[in-house]
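First the structure, in the form of structure tokens, and then the observations on it.
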Amino acid sequence: MPTAPPPAATGLRGRGELARIVVDWEPAPWQTVVDHYAVHGAPGPDVAVSPETLLTKTVYPHFQHNGLGGSAQQWTYRVVTVDAAGARSRPSRAVTVTSRESVSRSGIPLAVVGDFDGKGLELALSPAGYADYPAKFPNGVDFRAGADDPRTGWCYLQPGPADGWAGRREHRFRLRFELAELPVNGSDLAVWLIDSHASKAGSVVLSVNGTPVDRLRFDNGATKGSTQGDSTLPGSPLKPSYLEVRLPQVFQVGENTIDLHKDDGSWIAYDAIGVFARR
Ligand SMILES: [Ca+2]
């Protein structure tokens, strides 16, 4: 005897963030024993429900679509509820969401280390060489944009005082860059992480040309980015996070420095870092 299919998911809604889109919907009514929700998605204004558009199966009424990159991307989603007997609901109403554009796309690069691509593989010691950090970077990172090579000069992991493997002390990462002229419309700093410690991501003091200007607080991650370098792989356990802040107008013609001084918590795992002038 075929049973009645479960009801279609309702209340589908989404929000666009940096490099990701978050989609939520209402849990199925209690009478429905849910096996999973099948989330379908496609770029553009609609999505056909087919094996090709299946993005994930989840038991939670929630989906985080990661790895969308720095450009604003429009995606449309529908959800199919599958019950314990394997019966499938009609597809839900569609929801169309656009992710936020990164300053790494909208701005003019002044100093960039790495690619904003959800991976840390282009950085030094990636993906799992953190044990070599104390020997290779005894004084932290001191990187000259445009001259130094990220593959040897910018460590993929920046430890903090909670990390015994890095001496249980503070660590400074410095980015140096030359400016021939000052940005007229201001500038932004983008710090993209592929992951961070799951409970002690902590924070850094941000200094520009030696003057502390802000404290950047990081989202907790999954504690996997110390040994895995690609957050865009299907099923990746990494929890990337993205931080973009406006910088005060304290640059000078000639050499400038951006310091990230980690005096709080455990490590962060870099995807890329850059300073961008507003157009
Ligand atoms: Ca990267």
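The values are calculated or read from the model by the stated rules, or taken from the named source; none is laboratory data. Computed from a predicted structure; not experimentally measured. Positions of Cβ are generated from backbone atoms using ideal geometry, with glycine treated the same way; all protein chains shown enter the neighbour counts. Remember, those area values only see protein heavy atoms, side chains included, never the ligands or the DNA or RNA. Shrake-Rupley method; radii C 1.70, N 1.55, O 1.52, S 1.80 Å.
Table for the structure above
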| read-out | value |
| --- | --- |
| Calculated from backbone phi, Karplus (6.51, -1.76, 1.60) coupling profile of region 168-174 in Hz, x at Gly/Pro | 6, 9, 7, 9, 10, 10, 10 |
| Integer Hz, Karplus 6.51/-1.76/1.60 couplings in order for region 129-137, x for Gly and Pro | x, 4, 5, 7, 4, x, 7, 7, 10 |
| Under 15 Å, Cβ to Cβ, from residue 176 - net charge with Lys/Arg +1 and Asp/Glu -1 | -3 |
| By average C-beta atoms within 10 angstrom, highest first, the peptides 11-22, 127-138, 268-279 | 268-279, 11-22, 127-138 |
| Residue-averaged [θ]222 nm for the chain, counting only DSSP H segments that reach four residues, each worth -39500 (n - 2.57) | -500 deg cm²/dmol |
| Cα-centre dipole for the chain with unit charges at Cβ (Lys and Arg positive, Asp and Glu negative), debye to 20 | 480 debye |
| Span from the region 176-197 Cα centroid across to the region 92-147 one, whole angstrom | 11 Å |
| Charge context of residue 147, other residues only, Cβ under 12 angstrom, K/R +1, D/E -1 | -3 |
| For region 13-98, size of Cβ-based charge dipole, Lys and Arg +1, Asp and Glu -1, in debye | 100 debye |
| Length gained when the stretch residue 169-residue 142 is fully extended (0.36 nm per residue, less Cα-Cα span) | 8.0 nm |
| Accessible carbon and sulfur surface of region 103-277 relative to its total accessible area, %, 1.4 Å | 48 percent |
| Listed residues 29, 269, 258: farthest to the positive end of the dipole of the chain (Cβ charges) | 29 |
| Exposure ranking of 255, 178 by accessible area [1.4 Å probe, largest first] | 178, 255 |
| Solvent-accessible area, 1.4 Å probe, carbon plus sulfur percent, for region 13-98 | 53 percent |
